[in-house]
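Engineer: Pasting a structure here, questions to come.
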Amino acid sequence: AQKVTQAQTEISVVEKEDVTLDCVYETRDTTYYLFWYKQPPSGELVFLIRRNSFDEQNEISGRYSWNFQKSTSSFNFTITASQVVDSAVYFCALRCLTTSGTYKYIFGTGTRLKVLA
Amino acid sequence: KAGVTQTPRYLIKTRGQQVTLSCSPISGHRSVSWYQQTPGQGLQFLFEYFSETQRNKGNFPGRFSGRQFSNSRSEMNVSTLELGDSALYLCASSSDGIGGGDVNYGYTFGSGTRLTVV
């Protein structure tokens, strides 16, 4: 089965707190890509990061960091010192192979993050 | 570089009517995908077009259809609207030729069309 689970529906934190958004995936592909997108109130999904299945190195970009662990099929996203502008819905997505030999995305249900001033 | 443009931004329709939504991808992008976003179901894949051909289709009824033109612009149509079709419809484009967006940068999304069916 191909599936992405974001168990946290909504998280509220106070500004400057650290917060981790969880993403667990299932795939039968041996090579795959995982993505995180941010959806601000304006609606468009904004690409944040992608990770391929061969690269388990964690990544840090400013206040954002990602922890990819194949052993637990997880690709978690941490925001350090959260800010009000981080308030958005965050989606984890899996790029997976279809039966026709092309690829498509499977999205998690998203986690709504509210950062309170 | 202009982003992905979706029109209209908001739409209110009555049950039983039909609706057409439009998406203009980033210049040079030949792949266009459509997603339906609802609070209960999250983001659901509708279909993907590449060079005017439907490459993939999600699990939606035949009332949902789409097409892509030679300039890569795409339209999706929903006939006989139902209340449950109320959603944000997102379009995404990429230059990729095998689906699933660019492996490095994924898709570029538009801001969506919010459809309300009353």
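Engineer: Being hydrophobic (A, V, I, L, M, F, W, C), at pLDDT 90 or above and in a strand (DSSP E or B) is true for just one of B:L90, B:L81. Which residue is that?
Structural biologist: Numbers: B:L81 fails: in a strand (DSSP E or B).
Checking each option against the conditions leaves just B:L90.
Engineer: So, restricting to strands (runs of 3 or more DSSP E) that lie completely within the range A:3-42, which ones have at least 2 residues that are of a type in the set (V, I, T) and touching a residue at least 40 places away in the same chain (Cβ under 8 Å)? Full working, then the answer.
Structural biologist: Numbers: elements: A:3-5, A:10-14, A:19-21, A:24-26, A:33-39.
Result: A:3-5, A:10-14, A:19-21.
Engineer: Could you please let me know if B:T116 is surrounded by fewer than 22 Cβ atoms within 10 Å (Cβ to Cβ), in contact (Cβ under 8 Å) with a residue 24 or more places away in the chain and either hydroxyl-bearing (S, T, Y) or facing chain A (nearest Cβ under 9 Å) (or both)?
Structural biologist: On the way: surrounded by fewer than 22 Cβ atoms within 10 Å (Cβ to Cβ): yes; in contact (Cβ under 8 Å) with a residue 24 or more places away in the chain: yes; either hydroxyl-bearing (S, T, Y) or facing chain A (nearest Cβ under 9 Å) (or both): yes.
For B:T116, the condition - surrounded by fewer than 22 Cβ atoms within 10 Å (Cβ to Cβ), in contact (Cβ under 8 Å) with a residue 24 or more places away in the chain and either hydroxyl-bearing (S, T, Y) or facing chain A (nearest Cβ under 9 Å) (or both) - is met.
Engineer: Look through the range B:61-101, keep the residues that are within 12 Å of chain A (Cβ to nearest Cβ) and over 25 Å from B:G28 (Cβ atoms), and return whichever of them is surrounded by the fewest Cβ atoms within 10 Å (Cβ to Cβ).
Structural biologist: If we filter the range B:61-101 for residues that are within 12 Å of chain A (Cβ to nearest Cβ), which is where we start, we get B:87-94, B:96-101.
Narrowing further to those that are over 25 Å from B:G28 (Cβ atoms): B:87-88.
On the way: B:A87: 22, B:L88: 18.
Going through the qualifying residues, I end up with B:L88.
Engineer: How many residues does the range B:28-48 contain that are surrounded by 17 or more Cβ atoms within 10 Å (Cβ to Cβ) and at positive phi?
Structural biologist: Residues that pass the stated criteria total 1.
Engineer: I would also like to ask the following. Within the bounds of the range A:76-93, is there any residue that is surrounded by fewer than 18 Cβ atoms within 10 Å (Cβ to Cβ), within 26 Å of B:S33 (Cβ to Cβ) and in contact with a strand residue (DSSP E or B) (Cβ under 8 Å, 6 or more places away or on another chain)?
Structural biologist: The answer is no; no qualifying residue exists.
Engineer: Name the pairs whose Cβ atoms lie under 8 Å apart, with the first residue in the range A:90-117 and farther than 11 Å from A:L34 by Cβ, the second outside any loop (DSSP other than H, G, I, E, B) and among the acidic types (D, E), and 6 or more positions between them or separate chains?
Structural biologist: A:T102/B:E48; A:K104/B:E48; A:T111/A:E10; A:R112/A:E10; A:L113/A:E10; A:L113/A:D86; A:K114/A:E10; A:V115/A:D86
The values are calculated or read from the model by the stated rules, or taken from the named source; none is laboratory data. Since we're looking at a predicted model, the values are computed, not measured. Neighbour counts run over all protein chains shown; Cβ positions are idealised from the backbone, glycine included.
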